[in-house]
Amino acid sequence: MLNMSTNNLSYNDQGGSDSAVEVGQETTPTTNAGAGFGLFSTNFKKNDDLKEMLESNKDSLKLEAMKRIIALIAKGKNASELFPAVVKNVASKNIELKKLVYVYLVRYAEEQQDLALLSISTFQRALKDPNQLIRASALRVLSSIRVPIIVPIMMLAIKEAASDMSPYVRKTSAHAIQKLYSLDPDQKEHLIEVIEKLLKDKSTLVAGSVVMAFEEVCPDRIDLIHKNYRKLCNLLVDVEEWGQVVIISMLTRYARTQFTSPWKEDGLFDENSERAFYESDEEKTENEKEAKSYMMDPDHRLLLRNTKPLLQSRNTAVVMSVAQLYWHLAPKHEISIVTKSLVRLLRSHREVQYIVLQNIATMSIQRKGMFEPYMKSFYVRSTDATHIKSLKLEILTNLANEANISTILREFQTYVKSQDKQFAAGTIQAIGRCATNISEVTDTCLQGLVLLLSNRDETVVAESVVVIKKLLQTQPTQHSDIIKHMAKLFDNITVPMARASILWLIGEYCERVPKIAPDVLRKMAKTFTSEEDIVKLQTVNLAAKLYLTNSKQTKLLTQYILNLGKYDQNYDIRDRTRFIRQLIVPNEKSGALSKYARRILLAPKPAPVLESAYKDRDRYQLGTLSHTINTKASGYLELSDWPAVAPDQSVRNVEVIEPVKEWTPSLGKSKLSKSSDDKFYSDSGEEEEKEKCSGSSSSDDSSSSSSSEESGSEAESDEEKSSSQSSEESNKSSSQSENSSSESDSEQKKKNATKKPPQKKTVKPTAKDSDSDENGNVAKEASSSSAEESSSGSESGSDADSDSGTEHKKKTKSKAKPKMEVKSKKVVSLLDLDDFTPTPVTQPKSYVLSPSLLGDLEGLSLANVSSTMQVSGPAFVPEKSHDLLHRMTGKGLSAQYQFPRQPCLYQPTMVSVQISLTNTSDHPLEQIHIGDRSPTGLNIYCFNTIECLQPEASVTVSLGIDFNDSTQAANFQLCTKEDQFSVSIQPAVGELFLPITMTEQDFRKEQGKLLGMNESSATITMAAENTTSQPISRQVATVANLGVVPSGQDNLHRFAGKTASSGAVVLVTVELKESSTALITINTEKSVMGPMLLRDLKQALSQA
Amino acid sequence: MSDTTVLVSQSRLSSPPAKMIHSLFLVNSSGDIFLEKHWKSVVSRSVCDYFFEAQERASEPENVPPVIPTPHHYLISVLRHRIYFVAVIQSEVPPLFVIEFLHRVVDTFQDYFGVCTEAAIKDNVVVVYELLEEMLDNGFPLATESNILKELIKPPTILRTVVNTITGSTNVGEQLPTGQLSVVPWRRTGVKYTNNEAYFDVVEEIDAIIDKSGSTITAEIQGVIDACVKLTGMPDLTLSFMNPRLLDDVSFHPCVRFKRWEAERILSFIPPDGNFRLLSYHVSCQNLVAIPVYVKHNITFREGSSQGRFELTLGPKQTMGKGLEAVLISSQLPRGVLNTNLNPSQGTYTFDPVTKLLSWDVGKINPQKLPSLKGSMSLQAGASKPDENPTINIQFKIQQSALSGLKVNRLDMYGEKYKPFKGIKYMTKAGKFQVRT
């Protein structure tokens, strides 16, 4: 360090191994600490001050020093001498300083291993920090320090981080795996364990990184992917773009080992049928596919379907990787969907164009049809770079066929004249290829090429000669004129290759030009010594051939040339001369060979095949580096051939998801047969209600069935308490408590539900299954379970939720439409349920509690002490729909509304209203939407504008209206494109409630709070049939959306609910007395709603 | 010291080749490496010699092949702003992956420093280093969203530089970034504006090749919607078009909900903060494209004579009543042309006798008085007549109009209470617009 100032003079630009630290003139512009020195002489600025600055107490000085050091590193200068001074600052409080120290540390730790160890404890401490980002960054730096001694520490840190709560830290640990592996490959086995663990991770943040680690550490362990295959496919869209590329390329390899070929048996691609496909739409291809015996594995289809949207990515690498996936995996007729996106990439940067064009070139050889419609996108512009031009030329040549050749040749004519002569030469070759491939234009091309022989540019001429030579070889008989023409031009052509070609041509066909050939030889004899080697060799050839055919005229000339050749400087020529002489000139030694000289030299030669340089490129996976450079790059993973027989498909089955789908059909059916159909359907408005019903029918007494309405967390806590009830129970709850720390409640429930069912059948769970609805029940269950899958799969919160929500809505709508006419409205509301399944906000009750689980829970809730109140599903959904707009007043548009009694999707305080719109007119109605509303403050969540409603079609939409706990009508305008209709929705008071479940105890407690003026009651005479519990419940439920509260007494029936808007509790008690009288009591703080509800109930119970 | 080097090199011999980006070198047009960054172990800068060889072989800077194999490494480079960004790769990796990333790096630099020049990079070398450190971890992209990066490292501004020198504060974000962890990684959290604005620019570029006789050989429209959104909180926007079917092929910013587009042809998204490209689209050449400009030309070289005629007249065509602005003509004249003696009726023209590049800055086209450029060219004595007439490249702009006829219908905002100011602008530009003569 002290001799630094002298070193300063021998300033070494390369740095590198130089141990001294140079500073020289380079100072960052922000440098002001060294200004004091600068006053005297800039030469004195040296690293001593850097060390001093680093050891000072001021953060600003340290920071300044670090900035200068980083500037040195950036220039490639060696700054390793400062390591001890820098490493001391690793624990600095200043974030920027710390970061710069990290940068330094990662750069030099490898060289200063002992000193680097000083910093390790700091990182170990940070690994325990409560802040996830600090943990992550500590792991990142720790794993980047390439010091072999700390491998065990790194291993430990990675293992710990792999089970971190934060997905970000887990992602970092996936990155660290690769670093540790490259530092110490012996750790492979342990690292694979970590990879296996991380592959199971559900976070989109982790997926890309862990697959990257997988690819690097153990790409051959394909078995690790099986269980995660479907999850990866489903997560793919939400993974960050770089991860997508890695996952897609891994899945491409995976699919090639696991699925059978979707390509036709003969393997060869049939261009004609392909073009037919190209025109047809997707429907047709689907049919076509079904017609064949081949059935695609649903998982194979899943991959193709889930990657398709990524063609729209802005990231060119993602688009390319999807394109190659389709190329290598999709059925032949589906590959063309990638065309458009690939052509779009051509607008991108030059380097992107280069790679994309290369891949298109390979593709277009096998499948012209794919790119033919986009031919014009490959037209060359004068501003293109040379390698882009030649690639475009290549593709245009590949695309040429009988139909478009004239267009392409016209385009080529422009290119031939280009000032870029290299490109012009390339065009001539392209013309040659077109001429051989398409026999119709061979003559035209040949004529054109001959014209080019008189071009002034010699590269153009040379190229033409070479190409003409190749063309003539294919059909030599007719073209002696051309050969003569070329012989005449021979003197003017200077390019050796062209001269050699002409000589070869004349020699080969010397019998067709008997007069000219000897003359050419005579000229060549004169200039022989000054020719290029290649020309000399051809001259010798020509001489030999002429000697054999026309020895009278050329004997002397030949001997002269052979003599010249004998003493040539080039040994190739000397060799050739000697060989030819022995062959053609008969003497005593030559023996048998010379007899065959003619047959050897003048044997008919096969015409060369002009083919693309990209012909065999498809042996490499498209989009890879190996494909680009056309040699195997290190680390290239071969794409295997399709297996002849598909490996076991069931390896991809994952228990966690599967049973959800499995139990539903079987169980649903069996329950259905047991329970009375009547009951089942009457309650079908709500999924969980049905579950309850089926649960109740399987259980013994009805009181316990009502207790199964216990929901959500309540049920769980109960379960844990009374876990001793059955061994099965205890297993479950223990597994639950294990998970409970990391997983959210709802997820837990799903797991429970899915783990629970004891009967597992191997019904293949596919999306297609869910579409096929044998009966409403199956379809609904299946689709709801697929919704769970998606919501549990992506932890992406509200965004993903709303997405899947809308998706489901669409699905529902499309399903609902055809159903409407056939089945009753119940079906519609049943399907509409899908809307709600993915929104856990307003309905914490789990939908996936399987009936069997509910049955298990029934017993538990008796011991219940919880005081929470949960919103439950409605006990009954009235079918009654009300007219909103009559078709006469609505000019053909009729609208009806009903209350589905669902918690509103949009806002918890809203009441959801379902409107069915029907077009009874004879013309389509457009743009149906909601216009002005009154009172103006009325909060309505409108449905999306319906763009068009066809005649006789109807559509069901849902609204959310905040009635503000009043029965005041909601007035608004229902608008079409032309008209506006004022309509109003008048809710019955009972519709403003949401049912809640509570225990009898809680009910009494709540009731105790709501006495006095909050209580209203009346005694009525009950109708005869309303004296038992079930009809009463039914009647009450018809009037008001209330939940049943379990009651210990036979003559007491209790119902509970809360108002939608303000959440005030509403309690209803019906007490049966002697002689069919009953006392109805309503307790609620809403003093207006109480009496109104009482009036309605009185009417209902006494009348019916 | 020597012991450790041996140890290190041994361990590297046995280790498998690591994937992804190993190192990055920045090379200027004169062939100097002015910045290097290594994400793994250090690669000697001598590896760039292979690149320099290729650079020498190439006649033009653009002709350097983007992928160069060397015995132990692969060099993948992009050229932007006359700087080569050369990435060193050790083993198989999709080349587009690297290229796309390098372009993303350049975009980020441009975003941070306004320009991406050698001087700007040298001036901000520490920020550059910090950025590169965050963007890649072990050679694998980590944070490439500009919004996240800006949370981590604040872009340098004059004001901040002044403040930093006075107060000693830093341009590294004080609070830890949360964006990386959120479900909308492209958006910063806690965004606040007093004026809430959302501007959208619909910019269409027309690519065309016009042949000698004035007929269109190929023409297509490439459009983008660039947005500048400065909205408080977490707004959820929807943008709908009058005629979404026009869009033949689209690619989205990751924020756009693809399913919604598929089903309803509506763009629904939570926007990133600040400037971003929402959408780029393509209107295919199958549709007829209106060409807004025509060129009458008469360029002749006579055999044997050392003079050539040059005449050019421009005129508007199918512009939907909007004026052509910022018209610029450029043409690469044949090598044989020594000099030109031309007379523009408006604007200015230059001819560089070395590069043979003719450029004519026309400005605005007045339909009443069409601009023309006439005169003679002097040719090298004795040189033969050039084979080909020069190609004419045209640049122009048309304000207030999207050539394809694309129109935004409405923009709605959900999720926030305030009323934003919304603005939409349309513009048409010439992309690669060439006239063959």
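The values are calculated or read from the model by the stated rules, or taken from the named source; none is laboratory data. In this text, all values refer to a predicted model and were calculated from it rather than measured experimentally. So basically every Cβ, Gly included, is an ideal-geometry build from the backbone, and we count neighbours across all protein chains shown. We work out accessible area using only protein heavy atoms, side chains counted, and drop any ligands, DNA or RNA first. Shrake-Rupley method; radii C 1.70, N 1.55, O 1.52, S 1.80 Å.
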Query - Residues of the stretch A:144-162 satisfying the condition of being at pLDDT 90 or above and touching a Ser or Thr at 6+ places or on another chain (Cβ under 9 Å) - result: A:MET154, A:ALA157, A:ILE158, A:LYS159, A:GLU160, A:ALA161, A:ALA162
Query - Of all residues in the stretch A:99-115 being within 9 Å of chain B (Cβ to nearest Cβ) and assigned to a helix (DSSP H, G or I), the one that is surrounded by the most Cβ atoms within 10 Å (Cβ to Cβ) - result: A:LEU100
Query raised in the report: Of all residues in the stretch A:1054-1094, which are within 16 Å of A:GLU1015 (Cβ to Cβ), in contact (Cβ under 8 Å) with a residue 24 or more places away in the chain and open to solvent by 30 Å² or more (accessible area, probe 1.4 Å)?
Result: A:LEU1079, A:GLU1085, A:LYS1086, A:SER1087, A:VAL1088, A:PRO1091, A:MET1092
Query raised in the report: modelled with pLDDT under 75, open to solvent by less than 60 Å² (accessible area, probe 1.4 Å) and of a type in the set (Val, Ile, Thr): does that describe A:VAL913?
Result: no
Report task. Starting from residues that are in contact (Cβ under 8 Å) with a residue 12 or more places away in the chain and not in a helix (DSSP H, G or I), keep the ones in the stretch A:446-484 and report whichever is most open to solvent (accessible area, probe 1.4 Å). Result -> A:SER454
Query raised in the report: Of everything in the stretch A:297-356 that's within 7 Å of another protein chain (Cβ to nearest Cβ), assigned to a helix (DSSP H, G or I) and closer than 23 Å to B:ARG265 by Cβ, which residue is most open to solvent (accessible area, probe 1.4 Å)?
Result: A:LYS340
Query - Residues that are away from every other protein chain (no Cβ under 14 Å) and surrounded by 16 or more Cβ atoms within 10 Å (Cβ to Cβ), drawn from the stretch A:618-645 - result: A:ASP618, A:TRP642
**Report entry** Listing of strands (runs of 3 or more DSSP E) fully contained in the stretch B:281-393 that carry 2 or more residues being within 14 Å of another protein chain (Cβ to nearest Cβ) and modelled with pLDDT of 85 or more
**Finding:** B:324-332, B:357-363
Requested in this report: Would you check which residues across the stretch B:40-53 are outside any loop (DSSP other than H, G, I, E, B) and within 11 Å of another protein chain (Cβ to nearest Cβ) and list them?
Outcome: B:ARG45, B:SER46, B:CYS48
Report task. Would you mind telling me which numbered condition in (1) open to solvent by 60 Å² or more (accessible area, probe 1.4 Å); (2) at positive phi B:GLY375 fails? Result -> (1)
Query raised in the report: Are there any pairs with C-beta distances below 7 angstrom linking a residue in the stretch A:361-380 that is more than 14 Å from chain B (Cβ to nearest Cβ) and open to solvent by 20 Å² or more (accessible area, probe 1.4 Å) to a residue that is in a helix (DSSP H, G or I) and aliphatic (A, V, I, L, M), with the two at least 6 apart or on different chains, and if so which?
Result: A:LYS368/A:LEU399
Report summary line: Going through the stretch A:182-205 in order, the residues found to be under 25 Å from B:PHE97 (Cα atoms) and either away from chain B (no Cβ under 12 Å) or part of a loop (DSSP other than H, G, I, E, B) (or both) are A:ILE195, A:LEU198, A:LEU199, A:ASP201, A:LYS202, A:SER203
Requested in this report: For the stretch A:375-404, enumerate the residues that are part of a loop (DSSP other than H, G, I, E, B) and basic (Lys, Arg).
Outcome: A:ARG381
Query raised in the report: Which residue pairs have Cβ atoms under 9 Å apart, sit 6 or more places apart or on different chains, and have a first residue in the stretch B:338-363 that is on the phi > 0 side of the Ramachandran plot and a second that is among the hydrophobic types (A, V, I, L, M, F, W, C) and part of a loop (DSSP other than H, G, I, E, B)?
Result: B:LYS356/B:LEU333
Requested in this report: Could you please let me know if A:LEU564 is closer than 30 Å to A:HIS328 by Cβ and either in a helix (DSSP H, G or I) or touching a residue at least 24 places away in the same chain (Cβ under 8 Å) (or both)?
Outcome: no
**Report entry** Filter pass, A:THR539 being closer than 21 Å to A:ARG598 by Cα and not basic (Lys, Arg)
**Finding:** yes
Query raised in the report: Out of the stretch B:181-232, which residues are more than 17 Å from B:PHE252 (Cβ to Cβ), more than 14 Å from every other protein chain (Cβ to nearest Cβ) and among the acidic types (Asp, Glu)?
Result: B:GLU197
Query - In the stretch A:116-155, the residues that are touching a residue at least 24 places away in the same chain (Cβ under 8 Å), within 13 Å of chain B (Cβ to nearest Cβ) and not in a helix (DSSP H, G or I) - result: A:ILE145, A:ARG146, A:VAL147
Query raised in the report: All but one of (1) open to solvent by 60 Å² or more (accessible area, probe 1.4 Å); (2) in a strand (DSSP E or B) hold for B:ASP412; which doesn't?
Result: (1)
Report task. Output yes when any residue across the stretch A:166-178 is more than 24 Å from B:GLU134 (Cβ to Cβ) and either at pLDDT 90 or above or surrounded by fewer than 22 Cβ atoms within 10 Å (Cβ to Cβ) (or both), and no when none is. Result -> no
Query raised in the report: Can you name the number of the only condition in (1) assigned to a helix (DSSP H, G or I); (2) in contact with a Leu (Cβ under 9 Å, 6 or more places away or on another chain); (3) open to solvent by 10 Å² or more (accessible area, probe 1.4 Å); (4) closer than 26 Å to B:ASP32 by Cα that A:GLU81 fails?
Result: (2)
Query raised in the report: In the set A:SER480, A:SER530, A:SER464, A:SER454, which member is under 30 Å from A:GLU402 (Cα atoms) and at pLDDT 85 or above?
Result: A:SER464
Report summary line: By my count, strands (runs of 3 or more DSSP E) wholly in the stretch A:890-935 with at least 1 residues that are under 40 Å from the mean Cα position of the chain (by Cα) are A:911-919, A:925-934
Query raised in the report: Do any residues in the stretch B:100-116 that are within 14 Å of chain A (Cβ to nearest Cβ) have Cβ atoms under 6 Å from those of residues that are surrounded by fewer than 20 Cβ atoms within 10 Å (Cβ to Cβ) and of a type in the set (D, E, K, R), where the two are at least six apart or on different chains, and which pairs are they?
Result: B:VAL106/B:ARG80
Query raised in the report: Among B:LEU132, B:LEU96, B:LEU176, which is the only one that is at pLDDT 90 or above and facing chain A (nearest Cβ under 8 Å)?
Result: B:LEU96
Query raised in the report: For B:SER305, all conditions in the list (1) surrounded by 18 or more Cβ atoms within 10 Å (Cβ to Cβ); (2) farther than 29 Å from A:ARG347 by Cα hold save one; what is the number of the exception?
Result: (1)
